[in-house]
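The values are calculated or read from the model by the stated rules, or taken from the named source; none is laboratory data. For clarity, every value in this text was computed on a predicted model and none was experimentally measured. Backbone-built Cβ (ideal geometry, glycine too); neighbour counts: all protein chains shown.
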Amino acid sequence: MILKFRNSDKKLDEKEKASIISRAQKILKDAEKEKNYGKAIDKYRESAELFRDVKNYEKSIVCGKEIIKRAEKENNDFDIAWAHRGIALDMHELGEYDEAIKNSKTAAEIFGKANTFYAVKWCYNDIAMIFESKNDIVSALEYYGKSNSIEKEEEIEKKINALINSISHPTIRQSVDKTSAVDGEPVQFTLKLKNETKEKIENIYVMDEKGSTLNTIESLKPSEEKDFLYEVKAIGTYAEPPYSSVVWKNREGNILQRKIEKMTVEVNQKIGVGIHVKNKLTYGKETYLAITAKNQSSTPIQNVKLHLSFPIELKVKAVTGYKIENIGPGEEKSFIFKIVPLNVGKNVIEYAFIEFTNEKFEQIRIPIKDFVLEEVFENESLPVKSQPKPLTEKELAKVEKIHEDKKYIYTVLSPKKMEPSEYVSLAKKMHSETCGYTLKGVDTKTVYMHVMEELKGVHVVSTHWGETNAVMMFSAQSFEGETYLLTVALDMRGDACNVAFRMYSSKEDGIKEILIRIAEIVNYTIIILSMAKEIEKIEVNEVINIIDSVVQRSKLGTAIHNPEKADKKIEIKDSVVQRT
C-alpha cells in the first residue's frame, strides 16, 4: 500500500487554511504543557496532521521531533518509529530526499525489531517513492522488491513492472558458503548478475571500494546471468567480499552505478587450550600445573580469565593468577598453579572455561574439556604406617557435601556487575542474614585470598585489605533475577582471625541457606589448605559488630550499617592484595 497524507489533494481556501493553522497551533501549545505522556503524544500527532493539511511540513516536522523526544524518555519504540516515518514523508515533500531516506530507514529498522512487518513494508514503499523522486530507478526497484518480499501486492507489482520497463539494469544477488568462520578459514562469496529486463545490458563492471575493476561483462542478454566467485581469508572481526558496486550502461547510454550492500561473515577467534603437569602428581609432594591459552587467530584478545574450581583434596596456590591482560596473535601464555595432593586417587576438574574479550569488546567463552589429575603414593614399599591415612566415612561425607555446596552455589548464582554506591543503596533496603566463626593458625591475608578464590564465580564489587583486617563486597543474581549482596569482613585479634559474613537479598526465603553454604565452603577450604582450626562460632550480634567495625575502619560502605554517619561520597580504597 502506498499511503498519502489526508487531504493532501484537497484544495483549501485562505479562510480554511487560517482556521486549520489556528487550531493546529492551539493543540501544539496544549501538547507542550501536557504532562501525561499518552495525551501529549496524541496532541502532537493531531497538530502534525493539521499542519500537513495546509502543507506546512516544517511545523509538522517540529511536532514529530517532539514526539521522538518524549517517546525516548518513555522507551516507547513504537511511537519513535511512527514519528520518524512521518518526518520522512514531510522531508520528501520538502525535497530533502537524503534526510527523508534516513528517517524512513530508521523507522523500518525499529519496526523490524518489533516484528511489525506491515509497517516495515510501508517504510520500504516510502523509500522507493523517495528514490523515484531522486530519479534513482534502480534503488526504487530494490525497495519495492523488499516490500513485495514481505507481502506481494498488486499495486506494487505494477510499479515494479513499470520501472523495469523504463530502464535496463542487472539484478544483483549474493550468497556465501557459511554464516560464521574461524580466523584463517577460507570464505567463498558468490555474486550473481542477471538481466531480468527486456533490453540488452552492455559494459557491466564489478568494482571494489577503491574503484578498481574486479570483473567485466561485455553484455548480458535478457534472462542471461553470470556468476563470480570470490574466496577471502577470514581475518579480524568480519570477513567480507571485495566487491563494492556494479556499473553499467542503460539503453539511453547513461552510466549507472549501484552500491552493493555486502554480506558479511562473523569471524571467531581460535584459541587452543593445553593442560600440562610438570611432574607426576605424588601425595604430599609439590608440583606445577600449567593451563596454556594459545591465540591461534590473527587479532589480539584482551582480559583473558580462567574460571575453574579445584577439588578440596588438592592444596593449590595460584602462581600467576587467574587473569592475563592480553595475548597477541600466535602468542601462548599460561596460568600456572603450585599443587600439593592431599589424597591418593583421581580428581576430575569439571566445568572449567576461559573467557576473553575480542576486538568488538564482546565476551567469548571457550569451554575446557574435563580433565583428570591423578595422585599416586610414591613408594609402595614403605610400611603401612607411612602411607596416607584414608578418609573416614564422616570425612568423605563432609567432602561430598562441600562438593555439592559448590555446585549448588555456582548453579544458583551468577555474577552481577554493580558500582559500590549501588551496592550501598541496595543493601539498606534488603533483608539480611549473618554468620561467622573464629579460626586459629591462619592470618588475615591467607583467609582473604581463600575467600577471593572460592567466590570468584560472583562479581567483586570492591575490596579493602589492611594489616589486620579486610573487607570484601560481592554481588550476584539468581536465574530468577533476584539480587544477592555479600559482605565478608576479616578481623585479626591476637592469634585468631574472626571471619564474619553478611548476605543481603530482596527475597527473604532461602538467603540463610545460601549464606551458610558459602560460609561452610570457605571454612572447610581454609582448614584443609591452610591447616587452620575453627575454635568457635560467632554469635549474630558479634558478627554485626565485627562487620561494622572493620567496614568503618576501611571507610568502605559505611552507609550500609550507619546511614547517619555516612559521608555523602563513599571512599573506595584500592585492594592491596590483587585477586589471584
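Structural remarks
- Every residue from region 302-322 that is in a strand (DSSP E or B), modelled with pLDDT under 90 and within 30 Å of residue 359 (Cβ to Cβ): 318
Matching residues to (1) in contact (Cβ under 8 Å) with a residue 60 or more places away in the chain; (2) more than 21 Å from residue 542 (Cα to Cα):
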position	(1), (2)
410	yes, yes
463	yes, yes
466	yes, no
473	yes, no
491	no, no
498	yes, no
507	yes, yes
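- Condition check for residue 294: over 14 Å from residue 338 (Cβ atoms) and touching a strand residue (DSSP E or B) at 6+ places or on another chain (Cβ under 8 Å): yes
- If you filter region 1-28 down to residues that are modelled with pLDDT under 55 and of a type in the set (S, T, N, Q), you find that the one that is surrounded by the most Cβ atoms within 10 Å (Cβ to Cβ) is 7.
- Search result, residues across region 19-49 that are hydroxyl-bearing (Ser, Thr, Tyr) and either touching an Asp or Glu at 6+ places or on another chain (Cβ under 7 Å) or not assigned by TED's automatic domain parsing to the domain that holds residue 82 (or both): 37, 44
- Any hit, region 494-504, residues being basic (Lys, Arg) and surrounded by 20 or more Cβ atoms within 10 Å (Cβ to Cβ): yes
- Only one of the numbered conditions (1) within 19 Å of residue 525 (Cα to Cα); (2) among the acidic types (Asp, Glu); (3) modelled with pLDDT of 90 or more is not met by residue 325, and that is (1).
- Only one of the listed residues (409, 402) is β-branched (Val, Ile, Thr), assigned to a helix (DSSP H, G or I) and under 24 Å from the mean Cα position of the chain (by Cα). That residue is 409.
- Residues that are surrounded by 15 or more Cβ atoms within 10 Å (Cβ to Cβ), among the hydrophobic types (A, V, I, L, M, F, W, C) and part of a strand (DSSP E or B), drawn from region 216-246: 217, 220, 228, 232, 239, 246
- Residue in region 256-263 that is part of a loop (DSSP other than H, G, I, E, B), not assigned by TED's automatic domain parsing to the domain that holds residue 201 and not hydroxyl-bearing (Ser, Thr, Tyr) present: no
- Count - residues of region 148-176 that are exposed (fewer than 14 other Cβ atoms within 10 Å of the Cβ) and either free of Cβ contacts under 8 Å to residues at least 12 places away in the same chain or assigned to a strand (DSSP E or B) (or both): 9
- For region 191-246, filtering for residues that are in contact with a strand residue (DSSP E or B) (Cβ under 7 Å, 6 or more places away or on another chain) and free of Cβ contacts under 8 Å to residues at least 12 places away in the same chain leaves 1.
- If you filter region 47-74 down to residues that are among the acidic types (Asp, Glu) and under 22 Å from residue 110 (Cβ atoms), you find that the one that is surrounded by the most Cβ atoms within 10 Å (Cβ to Cβ) is 66.
- Residues in region 102-128 that are closer than 19 Å to residue 160 by Cβ, of a type outside the set (Phe, Trp, Tyr) and over 28 Å from the mean Cα position of the chain (by Cα): 6 in all.
- Pick from region 453-493, criterion of a type in the set (Val, Ile, Thr) and part of a strand (DSSP E or B), ranking: surrounded by the fewest Cβ atoms within 10 Å (Cβ to Cβ): 460
- Residue in region 87-106 that is among the hydrophobic types (A, V, I, L, M, F, W, C) and more than 20 Å from residue 132 (Cα to Cα) present: no
- Considering only residues in region 505-545 that are surrounded by 18 or more Cβ atoms within 10 Å (Cβ to Cβ) and not in a helix (DSSP H, G or I), the one that is modelled with the lowest pLDDT turns out to be 532.
- When region 297-348 is filtered for residues that are over 17 Å from residue 455 (Cα atoms) and of a type in the set (Val, Ile, Thr), the ones remaining, listed by number, are 299, 301, 304, 319, 320, 324, 327, 336, 339, 340, 344, 348.
So that you can scan it fast, the table gives a plain yes or no per residue for (1) more than 22 Å from the chain's Cα centre (by Cα); (2) charged (D, E, K, R); (3) under 15 Å from residue 272 (Cβ atoms); (4) outside the structural domain of residue 454 (by TED's automatic domain parsing):
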position: 296; (1), (2), (3), (4): yes, no, yes, yes
position: 301; (1), (2), (3), (4): no, no, yes, yes
position: 307; (1), (2), (3), (4): no, no, no, yes
position: 311; (1), (2), (3), (4): yes, no, no, yes
position: 326; (1), (2), (3), (4): no, no, no, yes
position: 331; (1), (2), (3), (4): yes, yes, yes, yes
position: 351; (1), (2), (3), (4): no, no, no, yes
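- Yes/no for residue 232 being outside the structural domain of residue 341 (by TED's automatic domain parsing) and of a type in the set (A, V, I, L, M, F, W, C): yes
- Sole residue being among the polar types (S, T, N, Q), buried (at least 17 other Cβ atoms within 10 Å of the Cβ) and free of Cβ contacts under 8 Å to residues at least 40 places away in the same chain, chosen from 125, 103: 103
- Lone unmet requirement of (1) surrounded by 17 or more Cβ atoms within 10 Å (Cβ to Cβ); (2) at pLDDT below 85 for residue 408: (1)
- Residue in region 202-215 that is more than 22 Å from residue 263 (Cβ to Cβ) and part of a strand (DSSP E or B) present: yes
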